[in-house]
Amino acid sequence: MTPFLELRDVKTHFPVEHGLVFRKRVGTVRAVDGVSLSLRQGEIVGLVGESGCGKSTLGRTILQLIPASEGTVALGGRSLTALRGADLRAARADFQMIFQDPYASLNPRMTVFDTLAEAIRSHRAVPEAELPCRVAALMEKVGLAPRFQRKYPHEFSGGQRQRIAIARALAVEPKLIVADEPVSALDVSIQAQIINLLAKLSREMGLTLIFISHDLSVVRHISDRIAVMYLGKIVELGPAAEVFDHPMHPYTQALVSAVAVPDPVKAKLRQRIVLAGDPPSPLNPPSGCAFHPRCPHAVEACKVKVPALEESPPGRMVACLRTQELEAGR
């Protein structure tokens with residue numbers, strides 16, 4: 001089956017320069033450093049990792065908000081990285097983004113109606129006369145009363161603002177949505193409502209969704225598959241329940257061990273994995289496996305050879321030189 005969204009060896013690098021007049025390049029930040037990923041239509045993939053691992057940059061690169069330095073991004077068999085100007089603008093109706101901060105992502109000078117109508121007008125989705133009905137339908141779809149469409153963003157709570165942002169993303173009926181930490185700025189009770197809303201919309205509209213988060217438990221609730229990123233690379237990929245219940249990469253194991261368990265008895269029996277040191281800088285990544293300076297299972301080969309993301313066992317992708325050896329000893 002042809003993937004709906006396909007990334008092939010995507011890299012997003014940022015040059016670092018010094019000097020005011022005579023600028024000199026002194027290094028390169030490897031924010032995304034060779035990511036390959038395929039999604040089926042209607043699938044929800046969770047993208048997790050520590051702050052600074054490159055997950056938000058990858059999301060923006062997929063939507064061409066940041067150009068890829070190398071590699072290709074294809075949506076429905078059409079290369080997005082090859083599009084420019086008017087062609088890229090026209091293609092944006094097929095993919096949209098939900099940003100992290102609902103307080104910053106909405107224009108405070110625009111009412112809800114103007115915010116949603118602007119998105120529809122920009123792609124000429126419906127005739128002008130039908131805008132009021134379309135805006136009202138969008139608000140109802142995300143759980144907001146249409147009577148609030150003449151209010152401004154400051155008159156809404158954080159959760160309501162994020163619903164407005166979701167409605168704006170849905171305004172042009174996209175096929176792909178990238179949600180970048182959409183619940184991290186919200187209270188826990190509101191987080192559950194927004195997550196359930198996104199899952200419901202994905203099922204009803206057949207949306208393909210990339211859900212970016214640093215919270216593994218949140219991602220497990222909504223995702224079909226989970227991709228774990230570390231220093232610009234995907235180190236593990238697999239079905240959500242399997243990645244959570246049986247993590248294979250040492251980094252994923254550490255992440256899962258840090259997730260809070262509501263049962264105090266189980267929490268007491270579980271062994272927490274504490275990683276030594278801090279994540280390396282993407283400006284100067286270590287040789288070999290990027291995780292080897294912090295990995296409790298690293299050997300000399302890990303310092304030299306870069307592990308490929310390989311299938312082992314079927315349905316699971318892991319980038320670790322010692323996967324089979326460690327699994328045999330568990």
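Among the candidates ALA129, ALA125, ALA117, ALA137, which residue alone is assigned to a helix (DSSP H, G or I), farther than 18 Å from ALA185 by Cβ and modelled with pLDDT under 90? Result of the check over ALA129, ALA125, ALA117, ALA137: ALA129. Considering (1) modelled with pLDDT of 90 or more; (2) in a loop (DSSP other than H, G, I, E, B); (3) in contact with a helix residue (DSSP H, G or I) (Cβ under 8 Å, 6 or more places away or on another chain); (4) not acidic (Asp, Glu), the lone condition that ALA308 does not fulfil carries the number (3). Within segment 235-246, if we keep just the residues that are farther than 13 Å from MET317 by Cβ and not in a loop (DSSP other than H, G, I, E, B), the residue that is farthest from the chain's Cα centre (by Cα) turns out to be ASP245. In a residue-by-residue description of segment 247-265, the property of being closer than 26 Å to SER38 by Cα, in a loop (DSSP other than H, G, I, E, B) and hydrophobic (A, V, I, L, M, F, W, C) applies to at least one position. The condition (being of a type in the set (A, V, I, L, M), farther than 29 Å from VAL218 by Cα and in contact with a Lys or Arg (Cβ under 8 Å, 6 or more places away or on another chain)) is satisfied by just one residue among VAL32, VAL16: VAL16.
The values are calculated or read from the model by the stated rules, or taken from the named source; none is laboratory data. None of the values given here were measured: they were computed from a predicted structure. Neighbour counts run over all protein chains shown; Cβ positions are idealised from the backbone, glycine included.
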